[in-house]
Amino acid sequence: MEQLKDLLCNERVMLYAIMVNTTLMFFGGFWPTSPWFEWTDALFTLVFFEAWAKISRMGWSAYWREGWNKFDFIVLIIALPSLASPILQQTMATNAALALRSMRLFKSLKMLRFIPNIHKLLAGIKLATRASLLVFIAFIVFLIIFAILSSTIFGSIAPEYFGNPAISVYSIFRLFTIEGWYEFADTIAQNASAGWAFFARVYFSVLMFLGGVIGLSLINSIFVDAMAEDNNDEVLEKLRRLEEKIDQLSKNQQE
């Protein structure tokens, strides 16, 4: 039993298990009804019971204090119902089996904790999110305002894009991503007069420039700048310590 716990607590072994299981899930998609795939994948889910090994050694309180242990435990709980997939597959409960089978994909998320310096990356994302939060909220307000306005103006002409505010929000966001933004104006041009067609082209061109070119670029620049600033602080701190050491060496030589 202790050897099994040693195996489950070995980070390198668990990394290999995740990689093999992810590869298995990929190739298993070519044979979705194969029973060997179902049972092999269920076996890998049981292998991920490293939480049991760690809790038995560390205790629940010590185990739960570590952030990555919480992440592993949550992923395991989400993937655990997939163990019932092979049984349901045999009892012809197809829809339930497919739903449970999809949960096994969450096991691959455990790979995140093995990324080098992942804690620095997450800290940078957290800092950048805080720095760009107000700009992001302003962008959302801008999006909603013009979604409602577009729904009011073009709702009857192009209901498939602006029939109600909810559909309009998606369409305006799609326009901001510059993904097929011209389709909105072209559709309105086909269903309206030449004057409305000209207005629609000008309206959506200006909106695409303000939201897609300026708006999203501003959010991206603030987000990236905040992440880079965190790295710069670390470099500046190292330079400060290096200068202190150089000054100390100069003083020692003068004495």
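When restricted to residues that are modelled with pLDDT under 75, under 19 Å from Phe114 (Cα atoms) and among the β-branched types (Val, Ile, Thr), region 14-50 contains 2. Residues in region 176-202 that are at pLDDT below 85 and touching a Lys or Arg at 6+ places or on another chain (Cβ under 8 Å) were compared, and the one that is nearest to Ile145 (Cα to Cα) is Trp181. The helices (runs of 4 or more DSSP H) found entirely in region 56-165 that carry 1 or more residues being at pLDDT below 75 and open to solvent by less than 70 Å² (accessible area, probe 1.4 Å) are 67-79, 85-90, 94-103, 118-131.
Could you tell me whether Ala194 is of a type in the set (A, V, I, L, M, F, W, C) and either touching a helix residue (DSSP H, G or I) at 6+ places or on another chain (Cβ under 8 Å) or at positive phi (or both)? Taking the combined requirement at face value, the residue does not satisfy it.
Restricting attention to region 196-224, the residues that are open to solvent by 30 Å² or more (accessible area, probe 1.4 Å), more than 16 Å from Phe142 (Cα to Cα) and not polar (S, T, N, Q) total 8. Do we find that Ala53 is at pLDDT 65 or above and open to solvent by less than 50 Å² (accessible area, probe 1.4 Å) in this structure? The answer is yes for Ala53. I need the full set of residues from region 174-195 which are crowded, with 16+ Cβ neighbours inside 10 Å and either in contact (Cβ under 8 Å) with a residue 24 or more places away in the chain or β-branched (Val, Ile, Thr) (or both), in order please. Correct list: Leu175, Phe176, Trp181, Phe184, Thr187, Ile188, Ala192.
In region 60-81, the residues that are over 16 Å from Glu11 (Cα atoms) and of a type in the set (A, V, I, L, M) form Cβ pairs under 7 Å with partners that are open to solvent by 50 Å² or more (accessible area, probe 1.4 Å) and assigned to a helix (DSSP H, G or I), at six or more places apart or across chains, as follows: Val75/Phe106; Val75/Leu109; Ile78/Met103; Ile78/Phe106; Ala79/Met103; Ala79/Phe106.
The values are calculated or read from the model by the stated rules, or taken from the named source; none is laboratory data. Because the structure is a prediction, the values reported are computed rather than measured. In this analysis, Cβ positions are derived from the backbone assuming ideal geometry, glycine residues included, and neighbour counts consider all displayed protein chains. For the accessible areas, the whole protein counts, side chains as well, though only heavy atoms, and no ligand, DNA or RNA atoms are used. Shrake-Rupley method; radii C 1.70, N 1.55, O 1.52, S 1.80 Å.
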